[in-house]
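First up is the structure itself, then whatever we jot down about it.
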Amino acid sequence: MTETLDLIPLAPDEVTLGVNEPAWLADLRRAGLSVYRGQGLPTVRVEAWKYTSLAGLRKIDHVRDDGTLGLSDWGGRGALDLPDAHTVTLVNGRPVGVPDALPVGVRVASLAHLLETEPDLLTPYLGRGADLSDTPMGALNAALMADGLVVLVAPGVALDRPLHMISVTEAPDHARHIHPRHLVVLGAGADATLVESRVTAPGAAPTLTNMVTDMVVGERARLRHLSLANGGAEAVDLGLTTVTVGAEAAYDAFTLTLGGRLVRHEGCVRLAGAGAETRLRGAYGVREAQHVDTTLRVDHAVADTTSDQVFKGVVDAGGRGVFQGKTLVRRDAQRSDGGQLHKALVLSRDAEVYTKPELEIYADDVKCGHGATVGELDADQLFYLMARGITEADARALLVEAFLDDVVEAVPEGALRDAFLDAVRAWQARRHAVTWQA
Amino acid sequence: MALLEITDLHAALEDGGKPILKGVSLTIRPGEVHAVMGPNGAGKSTLSNVIAGRPGFVVTGGSVTYDGQDLLALDADARARAGVFLAFQYPVEIPGVATATFLKTAINARRKAAGEPEIEALEFLKRMKANAKALGVVEDMLKRPVNVGFSGGEKKRAEVLQMAMLEPRLCLLDETDSGLDIDALRVVADGVNALRGPDRGMLVITHYQRLLDYIVPDVVHVLVDGRIVKSGDKALALDLEAHGYAQFAGAAA
Ligand SMILES: Nc1ncnc2c1ncn2[C@@H]1O[C@H](COP(=O)(O)OP(=O)(O)OP(=O)(O)O)[C@@H](O)[C@H]1O
Ligand SMILES: [Mg+2]
């Protein structure tokens, strides 16, 4: 059955997917559906979606993914290469197997499975991250979520190696919409590194992924969250991540977006305890009809909290980059420190960049700032490199990598950083191939 | 065959078309060192930039042949791979690109063009260390991004270090002596002299006769207002030091 995304032809009762779902979940789904029905697919008339149009989705008949597809023989193309990580692969949001050899106190499981067997475990967290009325797509996810990954790290436990979550989109037959729902909870004093690769199986039909990830970082805990969005040329990848950071805890994110036709990452980080910190770093590369939107919102809910957003975009011919950063400092959040920076490197005249910084400050003793720049490659630097015999293509690639250098530094040195740099280089090599053909 | 043959070269700024070089001719044979002196704004850097292929200038007349081939037909990177090296008057800082990565990429670009395999990591390190030591470049500088945070003199030493690593056939040194202290001048001149050889040619731009005490030129040219107004042996440099450029005011007009 196909359904247009404007009119989900379901009665509220039909939304409940699992037979034995607890009442709170049914309520959550109903609330989500009612918000989505009220607001519909966001349009550019909605302030938060001013620069990102989903109109193209209406032209495609999507079917809701039924969760039956397995992993095709796709060979890992586009995912980060992290042989030493704990790895879990998801197909259309559904984990296929879970890693063994996890340390005691770390649980990695399928959301669907936990909802069936231990729903009480999820009650305190699921759907508590964001106000649904602010986010119609998040509301739609609440209504339709079927599965996803749950990661629970017990208090004081450190995950020994990164957990690599490879999300593969499979759509061999026709366009699909999928609504993965992930949950990551770190107990007090816990420590973990979560790495995500999001890729599309070769030859997949256009697919809408409408993902929501809720994260809770307990007191004194530390979560590093690194992700690569590397979807296929037709992929529409919408993601909402909500993070609650407890006292003296830290949430450090790095997001690299290189693939997908239309990608929007919405990050909402709430610094909920004194001494909470977040560093949000990211880079994106867009070209040829790609559109990448990064929309961040950091909420300094209490005093003595720190945030820092630095995003860099490389925008080539036909690409569009959007950065909307908001820092909210509530009345009691004295001594908050919040920074925001977006820098775009434009490689072609035919490229577009939109930046919207927002500071909303109600406390008086705060240190907050924002900055944005749009620049081109430096002609003197390019000539200097070429005057040493480096080809123009290689010189440009070196300068692009140099431009991204200080955000990529947010990725821990070693195998992790190498894997991300490899992804950047592969992206650059594709440009050379294109340029060379032209 | 001449290594570099410049014939009646005319060049103008691309932006606005202001003529800078107004008919320069000179020939450098393998093994020769030519010095170019002249007042500020005469066109010395423009001459070296046009030879190296810097964008922003248009050649409006004349020719430049290098080893028998039309140099002006090549892009800057191809000229460099063919063995032309410009030591910049103002070396460019490139944050985010490590000096060692940059040097290795440059060496391998040349090797690739010559159909040779990439340089071995160990050989590269060995050569870099040896050259750095000879030129008084401290290792800490090599770990930094290209030219970033280098003092004026350090940048000039780094230029000569790059030259030594890339082993060009034609070296264009644009005021490599400016910014160097007295001891460094000696060290850098020794570095340049070490590269002198029967196969290599050099064009040394300088304002100071002192450099030419160390790097003794075969020919000295005086460039005034885009023209070579006089050429001679190294005694010409002493003469300029004593009498300045006023004597050529008429010649330039
Ligand atoms: N990119 C440029 N834009 C504008 N003017 C330029 C440019 N490059 C050179 N010129 C002009 O061309 C003339 C020659 O400059 P050039 O740098 O070649 O002189 P020079 O002989 O090297 O001088 P100096 O001894 O001061 O280094 C000067 O008048 C200079 O202002
Ligand atoms: Mg000059």
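The values are calculated or read from the model by the stated rules, or taken from the named source; none is laboratory data. It should be emphasised that the depicted structure is a prediction, and the values quoted were computed from it without experimental measurement. Quick reminder, even Gly has a Cβ in these numbers, built from the backbone with ideal geometry, and neighbours come from all protein chains shown. Just the protein is used for accessible areas: all its heavy atoms, side chains included, with ligands, DNA and RNA removed. Shrake-Rupley method; radii C 1.70, N 1.55, O 1.52, S 1.80 Å.
Observations on the structure shown:
- At least 40 Å² accessible surface lost relative to isolated chain, residues of region B:79-98 (1.4 Å probe): B:88, B:92, B:94, B:96, B:97
- Relative contact order (percent, whole number), chain A, Cα cutoff 8 Å, 6+ residue spacing: 10 percent
- Other protein chain Cβ atoms within 10 Å, averaged over every residue that makes up B:104-113: 4
- With both labels modelled 7 Å from their Cα along Cα-to-Cβ, the residue B:130 to residue B:29 distance reads 3.1 nm.
- Helix B:152-166 and the long axis of chain B differ in direction by around 70°, with both axes built from C-alpha atoms.
- Crossing angle, helix B:182-195 versus chain B [Cα axis fit, 0-90 degrees, rounded to tens]: 80 degrees
- Karplus-derived 3J(HN,Hα) values for region B:51-68, using 6.51 cos²θ - 1.76 cosθ + 1.60 with θ = phi - 60°, are 5, 7, x, 5, x, x, 10, 10, 7, 9, x, x, 8, 10, 10, 10, 6, x Hz; glycine and proline are entered as x.
- Prolate/oblate/rounded call for region A:62-153, Cα gyration tensor, a/c under 1.5 rounded: oblate
- Mean sequence separation of contacting Cα pairs (under 8 Å, at least six apart), scaled by the length of chain B, corresponds to a relative contact order of 27 percent.
- Prolate/oblate/rounded call for chain A, Cα gyration tensor, a/c under 1.5 rounded: rounded
- Under-5 Å amide H pairs with residue A:196, H placed in peptide plane, nonlocal only: A:165, A:226, A:227, A:228
- Working from Cα pairs under 8 Å separated by at least six residues, relative contact order for region B:58-159 is 33 percent.
- Only one residue of B:13, B:87, B:122 has its Cα farthest out toward the positive end of the dipole of chain B, where Lys and Arg carry +1 and Asp and Glu -1 on Cβ, and that residue is B:122.
- Per residue, the protein assembly as shown exposes 41 Å² of accessible surface when a 1.4 Å probe is rolled over the protein heavy atoms with every protein chain present.
- The spacing between region A:26-90 and region A:284-356, judged by their C-alpha centroids, is 21 Å.
- Phi-based couplings in Hz for region B:210-226 (Karplus 6.51, -1.76, 1.60; Gly and Pro marked x): 3, 4, 6, 5, 8, 9, 6, x, 7, 9, 10, 10, 10, 9, 10, 6, x
- Whether region A:377-438 is rounded, prolate or oblate, judged on the alpha carbon gyration tensor where a/c under 1.5 counts as rounded: oblate
- Rounded percent of accessible protein surface that carbon and sulfur make up, chain A, 1.4 Å probe: 50 percent
- For the protein assembly as shown, calculated [θ]222 nm from helices alone, where every DSSP H run of n ≥ 4 adds -39500 (n - 2.57): -8000 deg cm²/dmol
- Packing rank of B:68-78, B:47-57, B:12-22, where each peptide gets the mean count of other beta carbons within 10 Å, highest leading: B:47-57, B:68-78, B:12-22
- Lys, Arg +1 and Asp, Glu -1 on Cβ, resulting dipole of the protein assembly as shown about Cα centre, debye, nearest 20: 940 debye
- Dipole-positive endmost among A:57, A:189, A:202 within chain A (Cβ charges, Cα centre): A:57
- Here's how it looks for residue A:356: its modeled amide H is under 5 Å from those of A:323, A:324, A:325, which are all 5 or more places away or on a different chain.
- When the charge dipole of region A:377-438 is built from unit charges on Cβ atoms (+1 for Lys and Arg, -1 for Asp and Glu) and taken about the Cα centre, the candidate among A:429, A:377, A:407 whose Cα reaches farthest toward its positive end is A:429.
- For the pair A and B, total buried accessible area rounded to nearest 100 Å², probe 1.4 Å: 1800 Å²
- Within the full protein context, the accessible area of residue A:27 is estimated at about 90 Å² for a probe radius of 1.4 Å.
- Residues with amide H under 5 Å from that of residue A:264, placed H, sequence gap 5 or more: A:237, A:238, A:239, A:293
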